[in-house]
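One structure is given here, and the rest of the page talks about it.
Please treat every number below as a calculation from the coordinates, not as lab data. Here the structure is a predicted model, which means the values were calculated and not measured. Virtual Cβ from ideal backbone geometry, glycine too; neighbours counted across all protein chains shown.
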C-alpha cells in the first residue's frame with residue numbers, strides 16, 4: 001500500500017525504522033492523494049535535487065503502519081492532511097499539519113538540516 | 001551573472017489555462033516555457049473529483065493535471081514549477097520574467113494564466129490553527145471531525161454543498177455567513193435547510209480563532225447589531241470564494257479591475273501589446289476547468305498570430 005507519487009515511499013514499519021536509523025535528515029509526508037497533500041509531494045519532488053542531504057519519503061495515511069506517524073505526540077491536535085514530519089538523527093524536530101508552501105517547507109529544512 | 005533564456009512565448013501559471021496554452025504553443029512549434037510559482041495544475045490539483053469535464057467520465061484533479069502536463073511536455077514545452085519570480089517587465093517589445101537571482105526568461109509574447117486561490121478570512125488565529133481545526137477541504141479532512149461540532153463559513157454553492165457533505169461526519173454543522181441571504185443555487189440552500197444537523201448564523205463574521213493545541217473557540221460578530229459572541233467549536237471549514245493571483249502584476253502596467261482581475265477582450269488581449277491572459281485570473285463570469293481550457297486555447301492562438309504578424 002503506497003501512494004502513486006514519484007517520491008520514494010515508506011512501505012512498512014520496518015522500513016520506517018530503517019530509514020530513521022540510516023539517515024541523519026529525514027522528511028516524511030503522510031497523506032492521501034488529496035488536494036492538500038499533492039502540492040506537498042510535488043514540492044518535495046522539486047527539492048530532492050537541491051537537498052541531497054535529506055531523505056524525502058511519503059507514506060499512505062490509511063496504511064496500517066501509518067500509526068507510527070499518526071500517534072506521534074507531535075501530531076496531537078492535528079486535524080488536516082498531510083501530516084509532515086522532519087527527523088534529525090531519528091528524533092522529531094518539526095511537524096506540520098495540512099498544506100504547506102515551498103517557502104514554509106524550505107524554512108524548516110534550512111533551519112533544522114542546514115542547506 | 002544572470003543567465004538569459006529566450007523563448008517565443010512565456011506562460012505564467014501552470015493550471016488548466018496555462019497547460020492548455022503550453023499544449024497548443026508546443027504543438028505549433030513555438031518555443032514555450034511555463035513558469036509556476038507553485039505546483040503545476042493550479043486549482044485543478046485542489047479539486048478532488050472531476051465528473052463534468054467533457055470526454056472524461058470521472059477523474060481527479062491530480063490525474064487530469066498530470067495528463068495535461070505530460071501532453072505539454074510531449075510537444076516540447078518547458079515547464080518549471082515552484083519558481084520564485086523576482087522581477088517582471090511586460091511593457092515593450094520584449095517581455096522578461098526574472099526567476100530567483102539566476103535566470104531571466106525573455107520572449108516577444110507572454111500569457112498571464114496565474115489563476116486564483118481560495119480566499120482566507122485573514123483574522124487572528126487563522127494561520128495558527130490551519131490543520132489544527134481549520135480546514136479548506138471537506139473531502140480531505142472531514143473524517144477528523146467524526147461526531148464533532150463544526151462551523152462552515154460561506155454562503156455560496158461550495159459552502160452549502162460541503163456543509164451537507166460534512167454532516168456525514170459531524171454531529172452538528174453551523175453555517176455562518178456574512179449576509180442575510182445565500183448566494184448558492186436554490187436547490188443547494190433547500191438541501192442544507194432540510195438537513196436536521198445543520199443550523200445557521202446569518203449576517204455575521206468570525207473575528208478570531210482561539211485554542212491550545214487545537215482550535216477550541218471562535219469569536220464572531222453580528223454585522224447588523226454589532227453584538228459579539230463566542231462559541232465553543234471543534235472545527236471550522238472555510239469556503240468563501242476565490243481571488244485572482246495578480247499581486248505580482250500590480251506595478252507592471254497591466255489593467256486590473258476593482259477585484260484585481262485582469263481585463264481582456266475576447267481575443268484574451270490585455271491592454272499591453274503582446275501580453276495575453278487566460279483562466280481564473282481574468283475578469284469573467286464563470287471559472288471552470290472548461291472555461292480555463294477555452295481561454296488558454298484562444299490566448300495561445302492569438303499569441304502565435306501576434307508573433308507571426310511582427
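Just a few scattered comments:
- Backbone N under 13 Å from the residue B:219 label point (7 Å along Cα→Cβ), restricted to the stretch B:110-142: B:123-126
- Computed from Cα positions, the angle between helix B:61-74 and the longest principal axis of chain B comes to roughly 10 degrees.
- When both the stretch A:11-70 and the stretch B:97-156 are represented by their alpha-carbon centers, they are found 22 Å apart.
- Cα-based equivalent ellipsoid, the stretch B:225-310: semi-axes from gyration tensor eigenvalues, Å: 37, 16, 10
- Chain B - percent relative contact order, Cα under 8 Å, separation 6 or more: 20
- For the protein assembly as shown, the alpha-carbon radius of gyration amounts to 1.03 times the rule-of-thumb value 2.2 N^0.38 Å expected for a compact globular protein.
- By the compact-protein rule of thumb, 2.2 N^0.38 Å, the alpha-carbon radius of gyration of chain A corresponds to a ratio of 0.94.
- Per-residue ellipticity at 222 nm from helix content only, as computed over chain B with -39500 (n - 2.57) for each DSSP H run of at least four residues, stands at -7000 deg cm²/dmol.
- For the stretch B:134-238, the direction-averaged projected area of the alpha-carbon convex hull comes to 6.1 nm².
- Only beta bridges with both residues in the stretch B:134-238 are counted; by DSSP, about 45 percent of them are antiparallel.
- Taking Cα atoms only, the orientation of helix B:289-309 departs from the longest principal axis of chain B by about 20 degrees.
- Measuring nothing but how far apart in sequence close Cα pairs (under 8 Å, 6+ apart) lie, relative to its length, the stretch B:161-310 scores a relative contact order of 12 percent.
- Residues B:27, A:76, sorted so that the one with the fewest Cβ neighbours within 10 Å comes first: A:76, B:27
- Computed E for residue B:180/residue B:285 - FRET, C-beta separation, R0 25 angstrom, nearest 0.05: 0.55
- Crossing angle, helix B:16-27 versus chain B [Cα axis fit, 0-90 degrees, rounded to tens]: 20
- Put a dot 7 Å past the Cα of residue A:101, heading toward its Cβ, do the same for residue A:1, and the two dots end up 3.4 nm apart.
- Using a Gaussian network model of chain B in which every pair of alpha carbons under 10 angstrom is joined by a spring, one finds that among B:219, B:267, B:102 the greatest mean-square fluctuation is at B:102.
- DSSP beta bridge pairing in chain B, given as percent antiparallel to the nearest 5: 45
- Based on C-alpha pairs under 8 angstrom that are at least 6 apart in sequence, chain A has a relative contact order of 31 percent.
- Inter-label distance, nm, simple model (7 Å from Cα along the C-beta direction), residue B:87/residue B:212: 5.2
- GNM flexibility winner over chain A from A:54, A:26, A:92 (Cα, springs under 10 Å): A:92
- Here the protein assembly as shown carries DSSP beta bridges of which approximately 50% are antiparallel, counting only pairs with both residues inside.
- A Förster distance of 41 Å, applied to the separation of the beta-carbon atoms of residue B:266 and residue B:172, puts the FRET efficiency at 0.30.
- Over the stretch A:59-115, the pair-distance histogram of Cα-Cα distances with 10 Å bins from zero comes to 21, 54, 24, 1 percent, rounded to whole numbers.
- With N counted as the residues of chain B, its alpha-carbon radius of gyration over 2.2 N^0.38 Å works out to 1.11.
- Cα centroids of the stretch B:230-304 and the stretch B:1-80: 16 Å apart.
- Stretch gain in nm, segment residue B:187-residue B:4, where the contour uses 0.36 nm per residue and the Cα spacing is subtracted: 60.4 nm
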